[in-house]
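**Student:** Sharing a structure, written as structure tokens. Questions coming.
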Amino acid sequence: MNATTTIMAVDDTLESLQLLVRILGDEGYRVLPADSGQLALSAADIDPPDLILLDLQMPGMDGLETCKRFKSNPRTRLVPVILMSAYAEAPEWNEGLRAGAADYISKPFQTEELLSRIRTQVDLRQATVTLERSVSARTEELRQANLKLEALWSLSALFDMDHVDSKAINDFVLNKIVRMTGSAYGFFGTMNADETVMSIHSWSGEAMKDCHMVDKPVDYPIDEVGVWGEAVRKRKPLILNDYAAPHEAKKGYPAGHVPLSNLMVVPVFLGGRIVSVAAVANKGSGYTETDLKQMTAFMRGVEAIKDRRRVWDELRKSEIKYHSVADFTYDMETWRSPEGNFIYVSPSCERVTGYTVEEFLSDPKLTMKIAHPDDQERLAQHYALEGQGDRGEDRHLDFRFITKDGQLRWISHYCRQITDSAGTPLGRRASNRDLSDRKEAEERVSALLQEKELLLREVHHRVKNNMNSMASLLSMQAVKIQEPSAIEALNEAQGRLKSMGVLYDKIYRSDNLCALSIREYLPSLLVEIVRIFPSNVKVDTEIELEDFILDVRTLVPLGIIVNEIVTNSLKYAFRDRTDGTISAKAFQTGSKVTIMIGDDGIGIPGSGAPENSNGFGLALIGALMDQIDGTVRIDTARGTTFVLEFGLGARSVS
């Protein structure tokens, strides 16, 4: 950024000037040095800098006078000036600031301080330039908008023409476009549904006076008319400023037709279809793009208002039918105008809120006033977002309100924007249902669920404590007996209790009392089994798990199965070894879960199939896998790996 920033350094002392040039150059700034005020003024007028460093005490024209002249020159008036001096006091600095300086710094200065002040002023200067550009652009936008507004201003009268026929409205529109464009003649016609015929009912007064056609038709087939029909045939505006020039679509004047010098024809679209055509002719200076834009905007507004009038007429015709339905609805029905005033409120408002229809119609803010104080901000935000991004969908809000007799009630509010066929908003339709009884029921159910959850947590906690107590009793009993097989049986029973204890501990601490993540449960279980097993072998664990959820009905038998497999490995797999590895893998494929528990030990002799074993542990594994509708197979290619597969109760973690 510095390479594009120019700083003028003005100082009559050569050493000071050279120092400034070196400091600024090292920072990448473009530097314009000057050793006098007069030289600085001349150079800045030719090449205005982005910032000026100006010595206050200089012979001849001092810094104060130089600063004043900078500020009086339109080319340098907005360039920030930083004054420098070794001797100035507060009065001199203040006078410099009044002269237009942006900042000052005392000599000798610290380089970082100087650069910091420069960066600040350069940033402010660039921000000012950006703001000025933005203001200029916005001013131009406002100017263009004002031109369009002036062109469309007279449209407001069109909507109020309630009791006039379509011919009078068309004459009104034609008069406006002729005057807007400064034309001598004009016509305004409407298209049929398939855009093949245009009907002209309105000709400008001058055209009617000067045209001497004997049989002036009303309907014009588009494929037969001359050059003006090109606007419809090609579906785009047409401007001919030299009407005498040759054109392939010309068919000559009908007898008695007024001579034309120029012509502008604008097809008017509504919903992708040409609904009308406006044409003007014989403007003295010829037609411009500005004329085309203004006339197009005006005609679009005309059609939008005509369409809106049609909608309002239809709405008025259906008002009786609407009231016959809405007045007898159980819910409170409302319709608010785009300005926020109530157009309609159903009589049920009094049953719901205690306030009458007349009270709502006379006070557009009554809904906000009766809303509960804690819900008024949410309701205000809901109203503020109305119409933003609406595409006909419902907006919903439940909020509390206080009835006229002081009761606290809940209301479910649904509203939707309604528009005419051109998409112009006509207000918002709303339905409001009293859901106080449902809210009370929900609160009772929520309280019961909280009580149930608390009870379940207490049950899990007590089950876990009881299992720990039983495991401790088994451990104590194992210490007091001498029979190895009895000790082994007690330790195995203790391990099974511990595996279930880990599960209940995890469930107790989780948010879900009925299911648990495999990643949360299995690693902890493996660590606990290895920890409590009496062994001199150093055992490492390798765990590779996808994450998915299993319900408690699956986790309880699964925990016992894993305990049996790991305990079996710890007992037999690592004989005559000082270390070993137990691995665990789990993944889910569709609705099937696969868990692989293995070791790198000596392997199981024979087939090792649970159904062919007389051992209690393997038989227990087979029985528990049957319980969860699963299968087990044993791979002895490298050590021993139990492959468990089942599908019941598994859900992926999203």
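The values are calculated or read from the model by the stated rules, or taken from the named source; none is laboratory data. This structure is a prediction, so every number in the text was calculated from the model and none was measured. Every residue, glycine as well, gets a Cβ built from its backbone with ideal geometry; the counts of neighbours run over all protein chains shown.
**Student:** Working only within segment 80-94, note down all residues that are surrounded by 15 or more Cβ atoms within 10 Å (Cβ to Cβ) and either over 17 Å from Asp12 (Cβ atoms) or hydrophobic (A, V, I, L, M, F, W, C) (or both). First the steps, then the outcome.
**Tutor:** Filtering segment 80-94 for residues surrounded by 15 or more Cβ atoms within 10 Å (Cβ to Cβ) gives 80-85, 88, 92-93.
Across segment 80-94, the qualifying residues are Pro80, Val81, Ile82, Leu83, Met84, Ala88, Trp93.
**Student:** Given the conditions (1) of a type in the set (A, V, I, L, M); (2) more than 50 Å from the chain's Cα centre (by Cα); (3) under 17 Å from Thr4 (Cβ atoms), report the number of the one that Val122 does not fulfil.
**Tutor:** So Val122 meets the others, but not (2).
**Student:** Scan segment 362-377 for residues that are in contact (Cβ under 8 Å) with a residue 12 or more places away in the chain and not in a helix (DSSP H, G or I) and report the count.
**Tutor:** Within segment 362-377, residues that are in contact (Cβ under 8 Å) with a residue 12 or more places away in the chain and not in a helix (DSSP H, G or I) number 3.
**Student:** Test of understanding: among Leu142, Leu97, which residue is surrounded by fewer than 18 Cβ atoms within 10 Å (Cβ to Cβ), out of contact with any helix residue (DSSP H, G or I) (no Cβ under 7 Å at 6 or more places or on another chain), farther than 18 Å from Thr5 by Cα and not assigned by TED's automatic domain parsing to the domain that holds Arg30?
**Tutor:** That would be Leu142, the only listed residue that is surrounded by fewer than 18 Cβ atoms within 10 Å (Cβ to Cβ), out of contact with any helix residue (DSSP H, G or I) (no Cβ under 7 Å at 6 or more places or on another chain), farther than 18 Å from Thr5 by Cα and not assigned by TED's automatic domain parsing to the domain that holds Arg30.
**Student:** While we're on this one: Just one of the numbered conditions (1) modelled with pLDDT of 80 or more; (2) exposed (fewer than 13 other Cβ atoms within 10 Å of the Cβ); (3) among the acidic types (Asp, Glu) is not true of Asp313; which one?
**Tutor:** (1)
**Student:** Looking at segment 389-422 only, could you name the residues that are small (Gly, Ala, Ser) and under 23 Å from the mean Cα position of the chain (by Cα)?
**Tutor:** Within segment 389-422, Gly389, Gly392 qualify.
**Student:** Ile46: without any contact (Cβ under 8 Å) to a residue 60 or more places away in the chain, crowded, with 17+ Cβ neighbours inside 10 Å and assigned by TED's automatic domain parsing to the domain that holds Ile105, yes or no?
**Tutor:** No, not satisfied.
**Student:** May I ask you to verify whether Gly63 is under 17 Å from Lys107 (Cα atoms), among the small types (Gly, Ala, Ser) and surrounded by 19 or more Cβ atoms within 10 Å (Cβ to Cβ)?
**Tutor:** Yes; evaluated as a whole, the condition is true for this residue.
**Student:** Please give the helices (runs of 4 or more DSSP H) falling wholly within segment 4-113 in which 3 or more residues are of a type in the set (Gly, Ala, Ser).
**Tutor:** Answer list for segment 4-113: 37-46.
**Student:** Taking segment 519-556, which residues are touching a strand residue (DSSP E or B) at 6+ places or on another chain (Cβ under 7 Å) and closer than 16 Å to Asn568 by Cβ?
**Tutor:** Hits for segment 519-556 are Leu526, Val530, Val537, Val539, Thr541.
**Student:** In addition: Sort out which residues of segment 519-546 are out of contact with any helix residue (DSSP H, G or I) (no Cβ under 8 Å at 6 or more places or on another chain) and either more than 15 Å from Ser583 (Cα to Cα) or modelled with pLDDT under 80 (or both), and write them in order of number.
**Tutor:** Arg531, Asn536
**Student:** Still on this structure: Give segment 337-361 a look and list any residue that's part of a helix (DSSP H, G or I) and of a type outside the set (Gly, Ala, Ser), or say none.
**Tutor:** Cys349, Glu350, Arg351, Val352, Thr353, Val357, Glu358, Glu359, Phe360, Leu361 - these are the residues of segment 337-361 that are part of a helix (DSSP H, G or I) and of a type outside the set (Gly, Ala, Ser).
**Student:** Which of the helices (runs of 4 or more DSSP H) found entirely inside segment 126-244 contain at least 3 residues meeting this: at pLDDT below 80 and not β-branched (Val, Ile, Thr)?
**Tutor:** Helices (runs of 4 or more DSSP H) meeting the threshold: 155-159, 166-181, 205-210.
**Student:** Regarding Asp398, is this residue part of a helix (DSSP H, G or I), touching a Lys or Arg at 6+ places or on another chain (Cβ under 9 Å) and modelled with pLDDT of 90 or more?
**Tutor:** Numbers: part of a helix (DSSP H, G or I): no; touching a Lys or Arg at 6+ places or on another chain (Cβ under 9 Å): yes; modelled with pLDDT of 90 or more: yes.
Taking the combined requirement at face value, the residue does not satisfy it.
**Student:** As an exercise: evaluate Arg77 against (1) free of Cβ contacts under 8 Å to residues at least 24 places away in the same chain; (2) closer than 16 Å to Asp12 by Cβ; (3) among the basic types (Lys, Arg) and give the number of the one condition it does not meet.
**Tutor:** (2)
**Student:** Here's another thing I want to ask about it. Which condition number does Tyr572 fail, the rest of (1) of a type in the set (Ser, Thr, Tyr); (2) more than 16 Å from Glu645 (Cβ to Cβ); (3) touching a Leu at 6+ places or on another chain (Cβ under 8 Å); (4) not in a strand (DSSP E or B) being met?
**Tutor:** Tyr572 satisfies all of (1) of a type in the set (Ser, Thr, Tyr); (2) more than 16 Å from Glu645 (Cβ to Cβ); (3) touching a Leu at 6+ places or on another chain (Cβ under 8 Å); (4) not in a strand (DSSP E or B) except (3).
**Student:** Can you name the condition, by its number, that Phe269 falls short on among (1) outside the structural domain of Ala168 (by TED's automatic domain parsing); (2) surrounded by fewer than 17 Cβ atoms within 10 Å (Cβ to Cβ)?
**Tutor:** So Phe269 meets the others, but not (1).
**Student:** Can you run down the residue pairs with Cβ atoms below 8 Å, 6 or more apart or on separate chains, where the first is in segment 345-361 and assigned by TED's automatic domain parsing to the domain that holds Glu333 and the partner is of a type in the set (Ser, Thr, Tyr) and assigned to a helix (DSSP H, G or I)?
**Tutor:** Listed by first residue and then by second, the contacts come to Phe360/Thr367.
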